[in-house]
Every structure is written in C-alpha cells, then in structure tokens.
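See below for the structure under consideration.
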Ligand SMILES: Cc1cc2nc3c(=O)[nH]c(=O)nc-3n(C[C@H](O)[C@H](O)[C@H](O)COP(=O)(O)OP(=O)(O)OC[C@H]3O[C@@H](n4cnc5c(N)ncnc54)[C@H](O)[C@@H]3O)c2cc1C
Ligand code: FES
C-alpha cells in the first residue's frame, strides 16, 4: 500500500454527474489489481475528515483512472479538480477479483456505477486471453457507460429500465440466460442487484464474485466501520473485501 500525491491528468464529466478522472500514480498503478480501491482525500486539511473509497476504474502505464458519481460533499469537491491539481491517495487497498487461469469465458454484470471496477477487470482478463461478456445496465440510455471506452473485444449487452437502449428491464433479468456458458461470473452494482441474483435458481448455486460498498472510516481494517455479517462470521469490507462470494453474504442483514 502506498500513499501518493498524484497529479491529475484530466477530469471530465462523462455522463450527467458522473466524472472520469485520470491521475499519475505509478506505484499504485503497478501494484493494483482489479476490484481493489483507493482511499482519496477529498478536501484540503481535515474537511471532510474521512477519505472516500473509489474503485480503480482502469490503469494505463503509470496512470490510474477513477469513475465517480457526485453524491455528496467529497465527490463534489473531486469533480471540481482540474489538470495539474494534486490528489492525496492511499492504495491500492482490499482484496479484489480473482480470475482462475483455466477460465475461458467471463461474465461481468454491471448495474449503474457498478461498471467502475469492472472495466479494469475486463482489461486484465482480455490481456490474459480470457473472453468477456459484459451485461451493462442503467436507468436510461443517457446514463450508460460509453461503448467507445470499453476494450473493443468485450461482447457488450445493454439493458435499460425504460427500454431507451438495449433490452428493457433490470440487468439481473439477463444473468440466467448468459450464466450457463460462463466459466466465472463477476458482478458490481447496488445491493438489490445482488439480492435478485441470490434468488435466481440457475445462478445462486454458482460461485459469483461481487464487489460490496460500505461506508468506510479508515479503509485499513482499523475502525470496524465497514463490518458486515457473512456465513463465515463478521467481515470487514475494506480488508476482507470489497469482493466477496455472493453466497457467503447474508443479504437480509446487509445495510449499506
Ligand atoms: C470499496 C468501494 C469502492 C467504491 N468505488 C466507487 C467508485 O468507483 N465510484 C463511485 O462513484 N463511488 C464509489 N464508491 C462509493 C463512494 O465511496 C461514495 O459515493 C463516496 O464516499 C461518497 O462521498 P461524498 O462525500 O460525496 O458523499 P457523502 O456526503 O459522504 O454521502 C452522500 C450520500 O451518499 C451515500 N454514500 C456515501 N458513501 C457511500 C458508500 N460507500 N456506499 C453507499 N452509499 C454511500 C450517503 O449515504 C449519502 O446518502 C465506492 C465505495 C466503496 C466502499
Ligand atoms: S473502513 Fe475502517 S475497518 Fe473498514
């Protein structure tokens, strides 16, 4: 884990209130693997006091990118940073996704901002010779992550709740159709996506790696603010996760 003062290369509003930020952070980039996150200081001095966790969206040489939604004070501050400003980062942190070397085909399921860590996963998987199908869901077409920013080899299937692009419905609706030919399944999205997958007959028996979000105080395993209940006992999302097996989580107990 490294602490870095990273110069910002770019910060652009990609979709409404969703920003793509690229920073130069060579030590974090070289140590990071998909599903890990960085604790970002989102203000000067101690306001706000706590760093905010953001997934590593993708890497490019010594660069890492974040994809973030403006939801409050910290992310609002981040959205106003410009090229040449510096970001105080701590990372990479947590246990990310793990791809078995003998897996041929990977199914990635992204609900809304859940696309954030899955682009890095797709990038790594394709580089290692796996094939990738991405089920990408959003409320409406204007909130869909741009296809042009995905690796071209990804097989992309779009779903929108209002039917304005791709199939109409929830991204979870498509998982039973695509899971049989997948060697491994990975998902990132809101808790209702995971709760839906956990009740699907053909799906819930499979090992599925999901990335969980929790409010985090320290990101380092010290404050116990991110503790959740699993079949294996209490776990800290920042240290034992954020990636967990879907079937290990007691979904009725999760409040994030
Ligand atoms: C491991 C991990 C990776 C994450 N990766 C990303 C990412 O790549 N892109 C991204 O946009 N967001 C990501 N998040 C969520 C992000 O950390 C929060 O949106 C951010 O901390 C909000 O900070 P804020 O100061 O803007 O909002 P605050 O003022 O702190 O909160 C504003 C609102 O957002 C809600 N909120 C705050 N933090 C969280 C959280 N952790 N989970 C759910 N709701 C929250 C609050 O309940 C409140 O309603 C991640 C969270 C975790 C735990
Ligand atoms: S955020 Fe402090 S223990 Fe996880």
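Here, each number is a calculation from the coordinates, and none is a lab measurement. The shown structure was predicted, so the numbers you read here are calculated from the model rather than taken from an experiment. Virtual Cβ from ideal backbone geometry, glycine too; neighbours counted across all protein chains shown.
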Under the rule a/c < 1.5 gives rounded, and otherwise a/b versus b/c splits prolate from oblate, where does the range 1-72 land using the Cα gyration tensor? oblate
Helix 115-127 sits off the longest principal axis of the Cα atoms of the chain, rounded to the nearest 10 on a 0 to 90 degree scale, by 70
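Looking only at the range 116-256, where both bridge partners belong to it, what percent of the DSSP beta bridges are antiparallel (to the nearest 5)? Let's see the in-between values first.
Details: 8 of 20 bridges.
Bridges in the range 116-256 that DSSP calls antiparallel: roughly 40 percent.
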What is the Cα radius of gyration of the chain over 2.2 N^0.38 Å, N being its residue count? 0.96
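What does DSSP give for the chain in terms of the percent of beta bridges that are antiparallel, rounded to the nearest 5? Each step should come with its number before you reach the end.
Working: 37 of 62 bridges.
Roughly 60 percent of the DSSP beta bridges within the chain come out antiparallel.
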Sum -39500 (n - 2.57) across every DSSP H segment of at least 4 residues in the chain, then divide by the residue count to get the 222 nm mean residue ellipticity, nearest 500. -4000 deg cm²/dmol
Calculated FRET efficiency for the pair residue 12/residue 173, C-beta based, R₀ 51 Å, to 0.05: 0.95
Assuming R0 = 22 Å, what is the FRET efficiency of residue 199 and residue 253, from their Cβ-Cβ distance, to the nearest 0.05? 0.90
